[in-house]
Amino acid sequence: MPQVIRSKYDLKAVIKNIKSKRASIGLVPTMGALHQGHLQLVETANQHYDVTIATIFVNPTQFNNKADLKKYPKTEEADIEKLSATGCDVIFIPEVKEIYQKEVTIGLNFGYLEEILEGKHRPGHFNGVGLIVMKLFGLVEPTGAFFGQKDLQQFRIVSTLIADFDLPIKLHLVPIIRETSGLAMSSRNRRLNDAELKIATTIYSALHLAKAQLIEGYTQEMVLDNVERVFREENGIELEYFEIVDEETLLSKTKVSEGDRLALCVAAFVAGVRLIDNIIFEYKECKYR
Ligand code: PAF
């Protein structure tokens, strides 16, 4: 059974003990409501480091929409069981008042990353993500940390923190785990019924349509027009954005060339639930067009 810890004081004692044995630590930060995608992070952490520490904390400062925060699923008992079955060693589950003992005075600004994709549509979100990730890094002192590809921009934000603060932490990006329907696993999927889950698969179909059309030589404009049409024609889903970007910088690609590493990034609402997804690939022109 993993050790379940709720206070920073107890966590610090555990970390001190781990460090005294010179054991390495893999950190898996989560907001709970765990699914196979999270467990994949834990399994990967187990393979790389001596001790795996998962955190479960629904971080209020990263929710720009307070209704979304209220509705965020909480399944602590089931989460502990899943983490236990996956070989996690320590689970840190603090209360909000434990983490935010006083009002935070610092603000983090990630430059252009705030103006694009999630940054553009969720003002303040990455400040909240940056704050909690820095707090967890400070508390856990991990050797490595694991984040899912579904939140690709979040990964770039955390890479920025590590680079700008010279943190001695290795970052790991773990691929998206999908349902058999193609829908990216997400804690938010729990808020959808069967019919809505089916509608949500439009997101994955659109990503693949866009990739196929780019490879066939359609211009970005044509691809984006076609994707928008797919969303318009499907009832019950509303596209927020769909963008063709450079995988590394996440900046929009106005022209794609052989060998470019591209990410197609999308956000859409189904029954008021905001879902994001992406695919990453190397652009190779189709030789037979
Ligand atoms: O990806 C998430 O679940 C959250 O943004 C994280 C990294 C746990 C910070 O609250």
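Sort through Ile106, Ile132, Ile93 and tell me the only one that's farther than 15 Å from Val4 by Cβ, surrounded by fewer than 19 Cβ atoms within 10 Å (Cβ to Cβ) and of a type in the set (A, V, I, L, M, F, W, C). Going through Ile106, Ile132, Ile93 in turn, just one is farther than 15 Å from Val4 by Cβ, surrounded by fewer than 19 Cβ atoms within 10 Å (Cβ to Cβ) and of a type in the set (A, V, I, L, M, F, W, C): Ile106. The residues of region 257-284 that are among the aromatic types (Phe, Trp, Tyr) and over 19 Å from Ile177 (Cα atoms), listed by number, are Phe269, Tyr283. The residue that is farthest from Leu39 (Cα to Cα), among those in region 151-172 that are of a type in the set (Val, Ile, Thr) and within 13 Å of the ligand (Cβ to nearest atom), is Ile157. Assessment of region 107-127 against the conditions (more than 16 Å from the ligand (Cβ to nearest atom), in a loop (DSSP other than H, G, I, E, B), touching a helix residue (DSSP H, G or I) at 6+ places or on another chain (Cβ under 7 Å) and touching a residue at least 24 places away in the same chain (Cβ under 8 Å)) yields no matching residue. Within region 128-150, being in contact with a Ser or Thr (Cβ under 9 Å, 6 or more places away or on another chain) and either within 11 Å of the ligand (Cβ to nearest atom) or charged (D, E, K, R) (or both) holds for Gly128, Val129, Gly130, Leu131, Ile132, Leu136, Phe146, Lys150. Restricting the search to helices (runs of 4 or more DSSP H) fully inside region 174-289 and requiring at least 3 residues that are modelled with pLDDT of 95 or more, of a type in the set (Gly, Ala, Ser) and out of contact with any Ser or Thr (no Cβ under 8 Å at 6 or more places or on another chain) gives 202-215. For region 43-93, the candidate set comprises residues that are charged (D, E, K, R) and within 13 Å of the ligand (Cβ to nearest atom); within that set, the residue that is modelled with the lowest pLDDT is Asp68.
The values are calculated or read from the model by the stated rules, or taken from the named source; none is laboratory data. In this text, all values refer to a predicted model and were calculated from it rather than measured experimentally. Positions of Cβ are backbone-derived with ideal geometry, glycine not excepted, and every protein chain shown enters the neighbour counts.
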